[in-house]
Amino acid sequence: MGVTLDLSRAASDAAPAPAPLQNLAGLTRAKLQAALVDSGACPPEKARMRTSQIWRWIHHAGVTTFDGMTDVAKDTRARLAEQFVVARPEVVERQVSRDGTRKWLIRMAPGVEVETVYIPDVGRAGALCVSSQVGCTLNCTFCHTGTQPLVRNLTAAEIVAQVQVAKDDLGEWPSDREDRRLSNVVFMGMGEPLYNLDAVADAMDIISDNEGVALSRRRITVSTSGVVPELKALGERTQAMLAISLHATNDALRDKLVPLNRKYPIAELMAGIKAYPGLSNARRVTFEYVMLKGVNDSPADARALVNLVKGVPAKINLIPFNPWPGSPYECSDWATIEAFAAVVNKAGYASPIRTPRGRDILAACGQLKSESEKIRASARRKADQAASAPA
Ligand code: SAH
Ligand code: SF4
């Protein structure tokens with residue numbers, strides 16, 4: 001009680017902290033335009049033109065100050081800078097793997113940290129794996145993120161910020177460079193994107209805009225553990241390429257590996273996939289299948305897999321399991337994975353094994369976030385020890 005009174009007194013004595021300035025860098029076009037008009041920095045009759053101009057500076061040129069917007073009048077720039085920022089979140093840690101994979105730990109807000117991974121030579125040039133949530137509400141038993149409670153959904157701006165941070169680091173501004181290394185985006189980082197569809201869709205609108213980062217929607221893939229009721233909305237709203245974390249071909253096993261299966265069993269999932277808007281031979285669904293030793297990796301499992309997806313325009317991606325401390329599974333032996341892949345290959349699916357990338361910096365599938373939490377926990381312990389040590 002006494003503490004509460006002390007705090008309130010301290011708060012009333014101190015000058016009120018200024019509200020943080022709004023960041024324009026992650027707003028959709030419509031929200032950017034509304035912010036500019038509401039602020040008085042831009043008369044409504046010039047709103048479209050001014051929005052386009054500022055939009056290009058942010059998303060095409062990648063500037064992070066209003067001073068960099070050289071064709072905007074000086075007094076307008078000054079007025080904008082009084083009310084807004086065009087800022088990046090803090091990059092807490094940056095790691096580069098022996099194989100060229102890069103990983104950034106990004107602090108969106110105090111206690112809200114996500115990992116983003118760039119993987120070269122994937123897709124047309126290289127893929128950025130972005131997170132949609134901090135933690136996850138689902139508890140897939142092979143996934144480390146699933147053992148961490150959900151902290152919160154990321155905003156569209158925070159999803160876009162992951163792309164901007166990567167482009168800063170890769171030197172990818174302006175966005176129309178011929179030799180782009182960031183050609184694809186995959187929502188395969190932390191979290192279940194279909195539990196945060198509004199933000200994911202807004203973020204896709206921003207990064208696919210032709211006057212900005214201009215990533216084709218056909219190069220943006222959303223991976224889901226199977227939130228069937230949201231599939232139609234995902235396709236209609238975003239035209240994203242779809243990836244499904246399948247991992248098992250019968251309900252008994254999938255119930256255990258992907259507990260969401262108890263809510264949306266395989267038959268419902270397959271029906272939802274077949275109805276995915278825009279699905280065709282040119283726009284196939286990717287089935288992800290994690291290889292777990294002695295669990296789902298027999299030749300009979302491989303045959304069941306090709307039978308299950310028969311008739312669906314599909315690619316198959318076998319993911320060698322990436323172990324984490326205390327994980328209840330092991331990765332299948334290489335020979336077993338190859339035998340499994342041979343069955344899948346014979347059924348007409350080319351190069352189905354996903355080579356693990358960035359394992360030395362814990363950037364591979366299912367390893368995200370875990371290490372940064374460990375580092376934070378040990379750093380906290382050290383700080384606690386230092387604080388309690390006698391002076
Ligand atoms: N939540 C979404 C997207 C993030 S997970 C989803 O589940 O689809 C991205 C992919 O990594 C999924 O296919 C997931 O099943 C897989 N994955 C999770 N943990 C893994 C691990 N330890 N080893 C290999 N792949 C893993
Ligand atoms: Fe969540 Fe995807 Fe991990 Fe499952 S695999 S716990 S849905 S992040």
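The values are calculated or read from the model by the stated rules, or taken from the named source; none is laboratory data. Model, not experiment: these values are computed from the prediction. Positions of Cβ are generated from backbone atoms using ideal geometry, with glycine treated the same way; all protein chains shown enter the neighbour counts. What goes into the accessible areas is simple: the full protein's heavy atoms, side chains included, and nothing from ligands, DNA or RNA. Shrake-Rupley method; radii C 1.70, N 1.55, O 1.52, S 1.80 Å.
Structure above, values below:
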| quantity | calculated |
| --- | --- |
| Probe 1.4 Å - accessible area at residue 213, Å² to nearest ten | 10 Å² |
| Most mobile listed residue (88, 357, 50) in the chain, GNM with C-alpha springs under 10 Å | 50 |
| Estimated 222 nm signal from helices in the chain, with DSSP H stretches of n ≥ 4 weighted -39500 (n - 2.57), rounded to 500 | -10500 deg cm²/dmol |
| Charge context of residue 174, other residues only, Cβ under 13 angstrom, K/R +1, D/E -1 | -2 |
| When each of 293/315; 256/346; 167/232; 31/74 is checked by Cα-Cα distance, pairs over 25 Å | 256/346; 167/232 |
| Under 5 Å, built H, 5+ apart or other chain: amide partners of residue 85 | 22, 23, 24 |
| Amide H contacts under 5 Å for residue 152, placed H, 5+ residues apart | 134 |
| Long-range HN-HN contacts of residue 286 with modeled amide H, under 5 Å | 242, 243, 244, 315 |
| Cβ charges +1 (Lys, Arg) and -1 (Asp, Glu), total dipole of the stretch 22-85, debye | 180 debye |
| The stretch 90-375 - accessible surface per residue (Å², probe 1.4 Å) | 39 Å² |
| Approximate spin-label separation residue 262-residue 64, in nm, with each point projected 7 Å along Cα-to-Cβ | 4.5 nm |
| Nearest-10 value in Å² for the accessible area of residue 331, using the 1.4 Å probe | 40 Å² |
| About the Cα centre, charge dipole magnitude for the chain (Lys/Arg +1, Asp/Glu -1 at Cβ), debye | 640 debye |
| For the stretch 309-344 and the stretch 172-221, distance of Cα centres in Å | 27 Å |
| Portion, in percent, of the accessible area of the chain that falls on carbon or sulfur, probe 1.4 Å | 54 percent |
| For the stretch 22-85: accessible area per residue (Å², 1.4 Å) | 50 Å² |
| Choice from 133, 33, 162 showing the highest fluctuation, given a GNM over the chain with Cα pairs closer than 10 Å | 33 |
| In Hz, Karplus ³J(HN,Hα) per residue of the stretch 109-126 (6.51, -1.76, 1.60; θ = phi - 60°; x = Gly, Pro) | 7, x, x, 10, 10, 10, 10, 10, 10, 9, 10, x, 6, 10, x, 5, 9, x |
